[in-house]
Amino acid sequence: MAEMSFEKKEYEFLTEIGIGPRNDGCYINGCWKASGPIVPTVNPANNQKIAEVVECSAQDYADGLQACYEAQKIWMQVPAPKRGDIVRQIGDALRAKLQQLGRLVSLEMGKILAEGIGEVQEIIDMCDFAVGLSRQLNGSIIPSERPNHMMFEMWNPLGIIGVITAFNFPCAVLGWNACLALVCGNCVVWKGAPTTPLVTIAMTKIVAGVLEKNNLPGAVFTAFCGDAEVGQAISKDARIPLVSFTGSTKVGLMVQQTVNQRFGKCLLELSGNNAIVVMDDADLELAVRSVLFAAVGTAGQRCTTCRRLLLHESIYDQVLGRLLESYKQIKIGDPLEKGTLLGPLHTRTSKENFEKGIQAIISQGGKILTGGSVIESEGNFVQPTIVEIKPEADVVKEELFGPVLYVMKFQTLKEAIEINNSVPQGLSSSIFTRRPDIIFRWIGPAGSDCGIVNVNIPTNGAEIGGAFGGEKATGGGREAGSDSWKQYMRRSTCTINYGNDLPLAQGINFGWKVIISWPHLGFFRKGML
């Protein structure tokens with residue numbers, strides 16, 4: 001049988017990162033195999049096939065989890081700094097293929113090339129962060145009230161971490177989770193998005209190469225390409241004590257309920273409905289540039305995309321005019337072409353949802369100021385859209401996953417904060433002002449209720465050094481930097497008595513003594529319980 005070749009010459013670069021015209025979509029116990037259905041993966045810029053992937057079957061999942069369960073017993077015994085060195089090598093391997101991997105992200109997901117490369121760079125940054133962390137998984141030394149006692153914390157691995165990622169960041173979110181999980185001594189089971197399987201395969205091949213080079217079990221990192229059934233299996237599997245899920249609030253709630261039924265833990269990164277507030281003293285040029293990136297970047301398909309723009313009434317017309325002028329200059333097209341700022345939505349369904357969303361906006365009194373239509377082409381392109389609408393409209397409370405920006409007017413900071421906090425979601429927020437009193441009110445207890453609270457920068461583009469996540473219907477999870485690593489470990493409070501007495505905490509005295517007989521030693525010993 002003749003070897004298969006890619007249908008388009010421009011896809012041949014994929015061979016440099018281990019992708020062929022047909023690919024097994026499961027990495028199980030150090031081997032690539034799969035026995036599920038064969039599915040195509042398509043380029044959202046033209047909806048033409050890139051390659052084919054054989055998805056996971058129920059038996060594949062069973063085999064993979066069993067091997068991973070055995071591998072955890074080995075991996076958790078490797079010293080943390082040694083685990084960190086493995087993650088360092090993964091980062092180095094990613095650096096060597098940065099351009100090709102970034103190009104694949106752009107090709108399969110649809111974000112522009114600069115963002116595709118930036119996404120892979122984010123994993124490299126996470127690897128660097130995790131390497132240092134591997135020598136700092138510290139527990140506290142706690143003063144004991146009891147003489148000759150020592151109390152401290154021990155952090156140990158959970159075992160297996162399940163990571164279910166979404167199409168909009170098909171590999172960066174893996175990095176947030178896997179880099180920490182691995183240095184913390186856990187094995188990883190990854191289910192990538194069903195519409196970006198080539199990214200899942202290419203990333204896994206990088207990790208697999210490092211494990212093989214170091215004579216480590218391949219099952220330390222197990223990956224599945226598949227549909228919702230694989231995600232459901234991970235959610236139900238009691239061998240997986242922690243499941244990280246990125247996706248919609250609706251599906252996230254179902255995952256949480258399933259995991260909770262077995263007393264597992266969840267990290268949820270769900271919907272965002274993020275606002276930028278522009279005060280009357282703001283640097284307007286800085287604000288307009290920030291809004292443009294936050295609203296249009298990744299075609300509005302970031303969870304941190306700016307969806308609501310709150311403008312002080314005194315600068316409303318001025319900012320809106322500049323923004324409308326900027327929107328006219330946005331180059332829409334192939335995300336791999338130089339100069340493109342707005343690529344396609346990820347799927348045909350995304351484009352249909354955009355159309356339905358625009359209809360809902362108009363029916364609820366929204367006024368389309370620019371855009372509002374799909375672009376007739378083979379791909380999933382839509383116009384970047386600005387809508388004037390009241391903050392009370394039901395559609396404003398929902399997340400429309402596309403480049404749609406709601407603009408609204410306010411008079412006071414108090415009103416702006418109330419509008420910011422009025423939606424069910426609580427991921428990211430930002431205010432533009434030069435006044436310290438406004439800044440500190442915004443970031444304080446009476447300010448924004450989001451997990452990310454910015455000043456004079458966009459809502460998106462978070463650095464990996466801080467903990468990423470949101471409140472309310474965004475799920476409450478925290479991933480990436482700061483002390484997020486603690487969620488991937490089991491904390492034990494340990495008290496050691498190195499004396500001969502048994503004093504009790506809180507000064508408790510039972511008030512009696514008992515005689516403990518040791519007849520085989522030929523003596524009696526008195527003590528207190």
Under the condition of being among the hydroxyl-bearing types (S, T, Y) and surrounded by 24 or more Cβ atoms within 10 Å (Cβ to Cβ), which residue from the range 187-205 is nearest to C225 (Cα to Cα)?
-> T200
Would you tally the residues in the range 471-488 being in contact (Cβ under 8 Å) with a residue 40 or more places away in the chain, closer than 17 Å to G132 by Cα and either aliphatic (A, V, I, L, M) or loosely packed, with under 12 Cβ neighbours inside 10 Å (or both)?
-> 1
Members of the range 9-54 that are of a type in the set (K, R) and either without any contact (Cβ under 8 Å) to a residue 40 or more places away in the chain or within 27 Å of A93 (Cβ to Cβ) (or both) | K9, R22, K33
Could you list, in sequence order, all residues of the range 393-402 that are of a type outside the set (K, R) and either in a helix (DSSP H, G or I) or more than 12 Å from N353 (Cα to Cα) (or both)?
-> A393, D394, V395, V396, E398
How about the range 419-440: which of its residues are hydrophobic (A, V, I, L, M, F, W, C) and either at pLDDT below 95 or open to solvent by 30 Å² or more (accessible area, probe 1.4 Å) (or both)?
-> I439, F440
Can you name the residue in the range 131-167 that is open to solvent by less than 30 Å² (accessible area, probe 1.4 Å) and among the polar types (S, T, N, Q) and is also nearest to the chain's Cα centre (by Cα) among such residues?
-> T165
Only unsatisfied item for V78, checking (1) touching a residue at least 60 places away in the same chain (Cβ under 8 Å); (2) assigned to a helix (DSSP H, G or I), is (2)
Restricting the range 345-371 to residues that are in a loop (DSSP other than H, G, I, E, B) and under 21 Å from I112 (Cα atoms), which is nearest to the chain's Cα centre (by Cα)?
-> H346
Consider I443 carefully, then state whether it is surrounded by fewer than 17 Cβ atoms within 10 Å (Cβ to Cβ) and more than 24 Å from L180 (Cα to Cα).
-> yes
Yes or no: I330 of a type in the set (A, V, I, L, M), open to solvent by less than 60 Å² (accessible area, probe 1.4 Å) and assigned to a loop (DSSP other than H, G, I, E, B)?
-> yes
Every listed condition ((1) more than 25 Å from K49 (Cα to Cα); (2) basic (K, R); (3) assigned to a helix (DSSP H, G or I)) holds for K390 save (3)
Evaluate the following for G465: is it in contact with a helix residue (DSSP H, G or I) (Cβ under 9 Å, 6 or more places away or on another chain), open to solvent by less than 50 Å² (accessible area, probe 1.4 Å) and at pLDDT below 95?
-> no
Expected single match for modelled with pLDDT of 95 or more, farther than 27 Å from G132 by Cα, part of a loop (DSSP other than H, G, I, E, B) and in contact with a helix residue (DSSP H, G or I) (Cβ under 8 Å, 6 or more places away or on another chain) among G20, G64 is G20
Subset of the range 169-186 (residues that are outside any helix (DSSP H, G or I) and open to solvent by 10 Å² or more (accessible area, probe 1.4 Å)) | F169
Looking only at the range 305-327, which residues are under 31 Å from the mean Cα position of the chain (by Cα) and buried (at least 18 other Cβ atoms within 10 Å of the Cβ)?
-> T305, C306, R307, R308, L309, L310, L311, L323, Y327
Only one of F354, F410 that is free of Cβ contacts under 8 Å to residues at least 60 places away in the same chain and of a type in the set (F, W, Y) | F354
Report yes if some residue within the range 93-109 is closer than 30 Å to G185 by Cα, open to solvent by 10 Å² or more (accessible area, probe 1.4 Å) and either among the hydroxyl-bearing types (S, T, Y) or under 19 Å from the mean Cα position of the chain (by Cα) (or both); otherwise report no.
-> no
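The values are calculated or read from the model by the stated rules, or taken from the named source; none is laboratory data. Just so it is clear, the structure is predicted and the values come from calculations on it, not from any experiment. Methodologically, a virtual Cβ is constructed for each residue, glycine included, from the backbone with ideal geometry; neighbour enumeration extends over all protein chains shown. Just so you know, the surface numbers come from the protein's heavy atoms only, side chains and all, with ligands and any DNA or RNA stripped out. Shrake-Rupley method; radii C 1.70, N 1.55, O 1.52, S 1.80 Å.
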